[in-house]
Amino acid sequence: MPIATLKCTALGAIVAAAFSALAGSAAAQEKVWHHGLINAKADAGILLMVSSRDFAAKQGLTLKISQFKDDQLALKAMIAGELDSFEGGPQGVFAANAKGGDAKILGCHWIVVPHGIYTTDAIKKVEDLKGKQIAVSAPNSMPNMLAIEALAKYGISDKDVKLAAVGGDRERYQALAGGVVEAAVVSNEYEPIAPKNIHLLVAGRDAVPNFLRVCIVSSAKKLAERGDDAIKFLAAEMNALRFALSHRDETIALTRELIHAKPDDPRPAFVYDDAVKHKAVDPTLPIPAEKIQWIQEQMAKAGKLAKPLDLLAVSAPEYRARALKLVGP
C-alpha cells in the first residue's frame, strides 16, 4: 500500500474512533428519567405538559413516560424499580410504607380533587344510595376513599352500600351510563358530555377538601442513587405546570392532541377552566402536612392503616426545596 494511502487510512481510522468515542460519551451522559402516571384524560395537557417542549431537556434529562390504568399499579412498578417516579394519590404510599415498602412523597401538585359521586336521576339525595352499587377503584385508591369519606359525612357507612372496583374513570362512567351501577366516582371531565339523567350528587372538593389528588412519588433507594436527577425532574415539573396554568390555549390544544379529542369536545376546556377556577393545581409542589395527616387518620379509622406515619417517614421535602431554588421566583 502506498505511504500516502496508508496515512489517509490511518487518519480516517483515528477520526472514526474519535467520533465513536464522542457518540459513546454523549450516550453515557444522557440521563433518562422514567416517570409513570394514570392514563391520559381531559387533564392531559396539564399533567403531561412536562413531556412536551423542552422542560426536561433544559434540566439535562430525557423524560420517558409510562401510563397506567390506576395509581396502585404505578406504585407497584415504582417499588419494583421499573420507574424512577410516578404520580398518583398519596394513600398508596402510606399503605406501602406501613408494610415496609419504600415510597417517598416529593411534592403534590393537584391538591383539590376534581372527582365527585355522580348518579342517575333516580338518586335524589345521598341517603338514597343506601343499598346501591357505587363504582369506585382499587382499595386505598382516591376514588375508593373519596366514596367512603363523602358518604361518612352524611352518616352512611361503606357497609350500607356496595362498592365495586371498576377500573379507571372511563370504565366507571360507562358502568354508570350503561345502568350497571347506580352511582360512580368519576372525574368532572364527564360532566359536560353526560346525558341529562346523570348529575353530580356530591363534589369531592366540598365533601373531602383535605383530599390530595396527585403527588409525585419516588423511593429512598432511587433518591440515594439519583438525587440530583430527581431535583432536576421536579424543577422541570414546576416549570411545566407554571407554563400550563398561564397558557390556556396551548394547554387545551395539547390535551386535544394527546387524547385525540374532536374539535367540538368540550372536556379539555371544561377541565382546564375548572382547575384554574378552584386553584386545584399548585406548581410549587407543596407537601401539605395537615392534609397528609388527615388522609392517614381516615385510613386508620377505616382499618387500612394501623396508625398515621410520621411526615418525614413518608416524604422527602429537601428535594422539592432544592428544585424551587433551581426554578427561582
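The values are calculated or read from the model by the stated rules, or taken from the named source; none is laboratory data. Keep in mind that this is a model prediction, so the values were computed, not measured. In this analysis, Cβ positions are derived from the backbone assuming ideal geometry, glycine residues included, and neighbour counts consider all displayed protein chains.
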Problem set entry | Criterion: in contact with an Asp or Glu (Cβ under 9 Å, 6 or more places away or on another chain), in a loop (DSSP other than H, G, I, E, B) and either over 21 Å from Glu189 (Cβ atoms) or not hydroxyl-bearing (Ser, Thr, Tyr) (or both) - qualifying residue of Gly116, Gly167, Gly92 | Gly167
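For (1) within 16 Å of Leu176 (Cα to Cα); (2) within 26 Å of the chain's Cα centre (by Cα), each residue gets a yes or a no:
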| residue | (1), (2) |
| --- | --- |
| Lys125 | no, no |
| Lys130 | no, no |
| Ile134 | yes, yes |
| Ser141 | no, yes |
| Ile148 | no, yes |
| Ser157 | no, no |
| Val161 | yes, no |
Exercise. Limited to the stretch 253-274, what total is found for residues that are of a type in the set (Asp, Glu) and within 20 Å of the chain's Cα centre (by Cα)?
Worked result: 3
Exercise. Is it true that Ala184 is small (Gly, Ala, Ser) and either assigned by TED's automatic domain parsing to the domain that holds Tyr319 or touching a Cys at 6+ places or on another chain (Cβ under 7 Å) (or both)?
Worked result: no
Exercise. Among the candidates Asp273, Asp264, which residue alone is without any contact (Cβ under 8 Å) to a residue 40 or more places away in the chain and in a loop (DSSP other than H, G, I, E, B)?
Worked result: Asp264
For this session: For Ala165, state whether it is out of contact with any Gly (no Cβ under 6 Å at 6 or more places or on another chain) and over 17 Å from Arg213 (Cα atoms).
Result: yes
Exercise. Scanning for something basic (Lys, Arg) and in contact with a Ser or Thr (Cβ under 9 Å, 6 or more places away or on another chain), does the stretch 148-156 turn up at least one residue?
Worked result: no
Exercise. Can you name every residue in the stretch 130-164 that is part of a loop (DSSP other than H, G, I, E, B), surrounded by 15 or more Cβ atoms within 10 Å (Cβ to Cβ) and among the polar types (S, T, N, Q)?
Worked result: Ser137, Asn140, Ser141
Exercise. Hey, among the residues in the stretch 52-66 that are of a type in the set (Ser, Thr, Tyr) and touching a helix residue (DSSP H, G or I) at 6+ places or on another chain (Cβ under 8 Å), which one's farthest from Val32 (Cα to Cα)?
Worked result: Ser52
Seminar exercise, completed: Heads up, the strands (runs of 3 or more DSSP E) in the stretch 171-240 (entirely inside) with at least 2 residues that are surrounded by fewer than 21 Cβ atoms within 10 Å (Cβ to Cβ) are 198-203
Exercise. Mind checking whether some residue in the stretch 56-66 is on the phi < 0 side of the Ramachandran plot and either modelled with pLDDT under 95 or assigned to a loop (DSSP other than H, G, I, E, B) (or both)?
Worked result: yes
